[in-house]
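Q: After the C-alpha cells below, expect a handful of questions from me.
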Amino acid sequence: MAERILDSLRRPFTTRMGKEVLIGGSIGVSLFPRDGEEALPLMRNADTAMYRAKAAGRNTYEFFAAEMTQQVQGQISLENELRKAVRNMDLTVFYQPVVEAETLNVMGAEALVRWPQAEGGFVPPSQFIPIAEELGLIEEIGGWVLWNACSQAKVWHEKLNPDFRVAVNLAWRQLRDPEFPDRVREVLEGAGLDPRFLELEIAEEVLFRDPEGVGDTLFRLNEMGVSLSIDNFGSSHSSLKQMRRHPFKILKLDRSCVADMLTSHEDAVLVETAAIMARRLGLRVVAEGVETEAQLAFLREHYCDMFQGYLFGHPLPPEEIMKLL
Ligand code: C2E
Ligand code: MG
C-alpha cells in the first residue's frame with residue numbers, strides 16, 4: 001500500500017494555473033499491536049519511522065523498529081550536547097598548513113573547528129556542522145572560529161612570519177546575514193589584523209544554493225580587502241561561470257579529485273582544466289588533500305599555486321603549528 005501511495009504521489013500534476021507540480025512523500029509505518037496498542041504510541045512510532053524514511057533520501061517508506069527510538073534519542077542527546085558545548089564554547093580550532101607550490105614553504109593555514117569529547121577524541125565537523133546549521137548555532141560557532149583565527153594570525157605575524165594567512169570556512173547562514181561583512185570588519189579591527197591576511201572559503205555547493213542572493217555580501221567582503229575562495233571545487237555542481245561572476249581570488253580543488261586523478265582520466269582532466277581556467281581568470285589554485293609524492297609531482301606540473309594535505313601536515317592545534325614552522 002505504501003508503494004502504491006508513493007507511486008501516485010510521484011506522478012506530476014497540473015494546477016489550475018496550468019503549472020506542472022512535482023511532489024513526493026515519505027511514509028512511516030507502525031503496526032498494531034507490535035508497535036503499540038494505543039493510537040498515541042502507534043502515531044509516535046510511525047512518525048519516528050517517517051523521519052527515517054526522509055533521512056534515507058525521501059520518496060520511500062520505512063517500518064518502525066525499536067532501535068529507531070534509540071537512534072532518535074542518540075540524535076537528541078547529540079543536539080543537547082552540542083548546545084551545551086556552544087554555550088560553554090567547549091570547541092577548539094585546529095589549523096592545517098598550506099604550502100607554496102614552488103618552495104613548499106608554509107605560507108598560511110586553514111582553520112578547522114573541532115569538538116573535543118570528555119572521553120578523548122573529537123566529533124568530526126562533518127557530523128556536527130550540519131546539526132549546528134539546523135539548530136541555528138552555526139552563526140555563533142562560525143563567528144567564534146573567525147575571531148579565533150584572526151587573533152591567532154596576529155600572534156603568528158608577530159612571532160613567525162608577517163605575511164602568514166588564515167583561511168576560514170563559511171556556512172550558508174553566515175553568508176545570508178546582510179550584516180555579516182560588518183561582523184567581519186569588527187573582528188578584524190578587534191584582532192588588529194589587516195584584511196588581506198584573511199581568506200574566506202565558500203563551498204561550491206553553498207554558492208550554488210543562491211548565487212544571486214549572496215552576490216552583494218561577496219562584493220562587500222571583497223571591497224574590504226578580504227580574499228574569497230571557492231572551496232571543494234569539483235565535488236558537486238562545479239560551475240565555471242561562478243568563478244567569473246563573483247570576485248573570487250582563490251580556487252580550492254576538492255580532495256576527491258586529487259585522490260582520484262592518478263587513476264581516473266576524467267579527474268585528471270578536471271584538475272588540469274579547472275587549474276588552467278582558474279589561472280587564466282586570475283585566480284590562484286590550491287590543491288587540497290595532497291597525500292603522496294606522486295600526487296604532488298602531478299599537481300606541480302599542472303598549474304597549482306599552493307598545496308594542502310596530509311603530506312605537508314594534518315590539522316593541528318596552534319602550538320603544534322608553531323613547532324612545525
Ligand atoms: P574542507 O573545508 O574541505 O576542509 C578540508 C578537510 O579535508 C578537513 O576535514 C581536513 O582535515 C581534510 N583533509 C586535509 N588534508 C587531507 C588529506 O590529505 N587527506 C584527506 N583524506 N583529508 C584531508 P575536517 O577538518 O574534518 O573538516 C570537514 C569540513 O567541515 C571542512 O571541509 C569544512 O567544510 C567544514 N568545517 C570545518 N570547520 C568549519 C568551520 O569553522 N565552519 C564551517 N562552516 N565549516 C567548517
Ligand atoms: Mg575549506
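The values are calculated or read from the model by the stated rules, or taken from the named source; none is laboratory data. Worth saying up front: this structure is predicted, and the values here are computed from it rather than measured. Ideal geometry is used to build each Cβ from the backbone, glycine not excepted, and the neighbour counts take in all protein chains shown.
Q: Could you tell me whether A46 is farther than 27 Å from L137 by Cβ and surrounded by 11 or more Cβ atoms within 10 Å (Cβ to Cβ)?
A: Values: farther than 27 Å from L137 by Cβ: yes; surrounded by 11 or more Cβ atoms within 10 Å (Cβ to Cβ): yes.
Taking the combined requirement at face value, the residue satisfies it.
Q: Say we look at region 297-314 and pick out the residues that are touching a residue at least 40 places away in the same chain (Cβ under 8 Å) and at positive phi; which of these is surrounded by the fewest Cβ atoms within 10 Å (Cβ to Cβ)? Don't jump to the end; show me each part of the working.
A: Start the filter on region 297-314 by keeping residues that are touching a residue at least 40 places away in the same chain (Cβ under 8 Å), which leaves 299-300, 304-309, 312-314.
So of that shortlist, the ones also at positive phi come out as 309, 313.
Working: G309: 23, G313: 19.
Here the answer is G313.
Q: Where residues in region 97-125 are at negative phi and surrounded by fewer than 13 Cβ atoms within 10 Å (Cβ to Cβ), which of them is nearest to ligand 2 (Cβ to nearest atom)?
A: So the residue we want is P124.
Q: I'm trying to understand the selection: among the residues of region 243-266, which are more than 16 Å from ligand 2 (Cβ to nearest atom), in contact (Cβ under 8 Å) with a residue 12 or more places away in the chain, surrounded by 15 or more Cβ atoms within 10 Å (Cβ to Cβ) and outside any loop (DSSP other than H, G, I, E, B)?
A: M243
Q: Moving to a separate point now. Tell me, yes or no, whether region 184-195 has at least one residue that is basic (K, R) and at pLDDT 95 or above. Before the answer, list the steps.
A: Kept after step one, since they are basic (K, R), are these residues of region 184-195: 185.
So of that shortlist, the ones also at pLDDT 95 or above come out as 185.
Yes, the conditions are met somewhere in region 184-195.
Q: Check region 131-154 and report whether any residue there is free of Cβ contacts under 8 Å to residues at least 24 places away in the same chain, assigned by TED's automatic domain parsing to the domain that holds L240 and within 15 Å of ligand 1 (Cβ to nearest atom). First the steps, then the outcome.
A: Filtering region 131-154 for residues free of Cβ contacts under 8 Å to residues at least 24 places away in the same chain gives 134.
Adding the requirement that they be assigned by TED's automatic domain parsing to the domain that holds L240 leaves 134.
Now drop any that are not within 15 Å of ligand 1 (Cβ to nearest atom), which leaves 134.
Checked against the condition, which is being free of Cβ contacts under 8 Å to residues at least 24 places away in the same chain, assigned by TED's automatic domain parsing to the domain that holds L240 and within 15 Å of ligand 1 (Cβ to nearest atom), region 131-154 yields at least one hit.
Q: Return yes when T273 is over 27 Å from C150 (Cα atoms), among the β-branched types (V, I, T), modelled with pLDDT of 90 or more and part of a loop (DSSP other than H, G, I, E, B) and no when it is not.
A: Answer is no for this residue.
Q: Let me ask something additional. Being more than 16 Å from ligand 1 (Cβ to nearest atom), touching a residue at least 12 places away in the same chain (Cβ under 8 Å), within 23 Å of G215 (Cα to Cα) and in the same structural domain as A109 (by TED's automatic domain parsing) is the requirement here; does R280 meet it? Outline the logic, then answer.
A: On the way: more than 16 Å from ligand 1 (Cβ to nearest atom): yes; touching a residue at least 12 places away in the same chain (Cβ under 8 Å): no; within 23 Å of G215 (Cα to Cα): yes; in the same structural domain as A109 (by TED's automatic domain parsing): yes.
When the stated conditions are applied, R280 does not pass them.
Q: Right, here's the next one. Which ones in region 208-231 are surrounded by fewer than 22 Cβ atoms within 10 Å (Cβ to Cβ), under 20 Å from P130 (Cα atoms) and not acidic (D, E)?
A: F208, R209, V214
Q: Same structure again: Among what's in region 275-296 and is under 20 Å from the mean Cα position of the chain (by Cα) and among the hydrophobic types (A, V, I, L, M, F, W, C), pick the residue that is surrounded by the most Cβ atoms within 10 Å (Cβ to Cβ).
A: A287
Q: Additional query: For region 282-296, check the following and say yes or no: at least one residue is of a type in the set (G, A, S), away from ligand 2 (no atom under 16 Å from the Cβ) and modelled with pLDDT of 95 or more.
A: Going residue by residue through region 282-296, those that are of a type in the set (G, A, S) are 282, 287, 289, 294.
Now narrow it down to the ones that are away from ligand 2 (no atom under 16 Å from the Cβ): 282, 294.
The next check asks that each one be modelled with pLDDT of 95 or more; those that pass are 294.
Scanning region 282-296, I find at least one residue that is of a type in the set (G, A, S), away from ligand 2 (no atom under 16 Å from the Cβ) and modelled with pLDDT of 95 or more, so the answer is yes.
Q: For region 25-39, state whether one or more residues are in a helix (DSSP H, G or I) and not hydroxyl-bearing (S, T, Y).
A: Yes, because at least one residue in region 25-39 is in a helix (DSSP H, G or I) and not hydroxyl-bearing (S, T, Y).
Q: Another question about this same structure. So which of E100, E110 is within 11 Å of ligand 1 (Cβ to nearest atom), assigned by TED's automatic domain parsing to the domain that holds H314 and at pLDDT 95 or above? Full working, then the answer.
A: Numbers: E100 fails: within 11 Å of ligand 1 (Cβ to nearest atom).
Being within 11 Å of ligand 1 (Cβ to nearest atom), assigned by TED's automatic domain parsing to the domain that holds H314 and at pLDDT 95 or above holds for just one of E100, E110, which is E110.
Q: Right, next: Given the residues Y303, Y310, which is the only one that is more than 16 Å from ligand 2 (Cβ to nearest atom) and not in a helix (DSSP H, G or I)? Working first, answer last.
A: Values: Y310 fails: more than 16 Å from ligand 2 (Cβ to nearest atom).
On inspection, the qualifying residue turns out to be Y303.
Q: I'm trying to understand the selection: among the residues of region 230-242, which are assigned to a helix (DSSP H, G or I) and touching a Leu at 6+ places or on another chain (Cβ under 9 Å)?
A: L240, Q242
Q: A further question on this structure: Return the only residue of E79, E62 being farther than 25 Å from L200 by Cβ and part of a strand (DSSP E or B).
A: Values: E79 fails: part of a strand (DSSP E or B).
On inspection, the qualifying residue turns out to be E62.
Q: Among (1) out of contact with any strand residue (DSSP E or B) (no Cβ under 9 Å at 6 or more places or on another chain); (2) at pLDDT below 85, where does L40 come up short?
A: (2)
Q: Of A167, A191, A203, A171, which residue is more than 14 Å from ligand 2 (Cβ to nearest atom) and under 29 Å from V106 (Cα atoms)? Before the answer, list the steps.
A: On the way: A167 fails: more than 14 Å from ligand 2 (Cβ to nearest atom); A203 fails: more than 14 Å from ligand 2 (Cβ to nearest atom); A171 fails: more than 14 Å from ligand 2 (Cβ to nearest atom).
The match here is A191.
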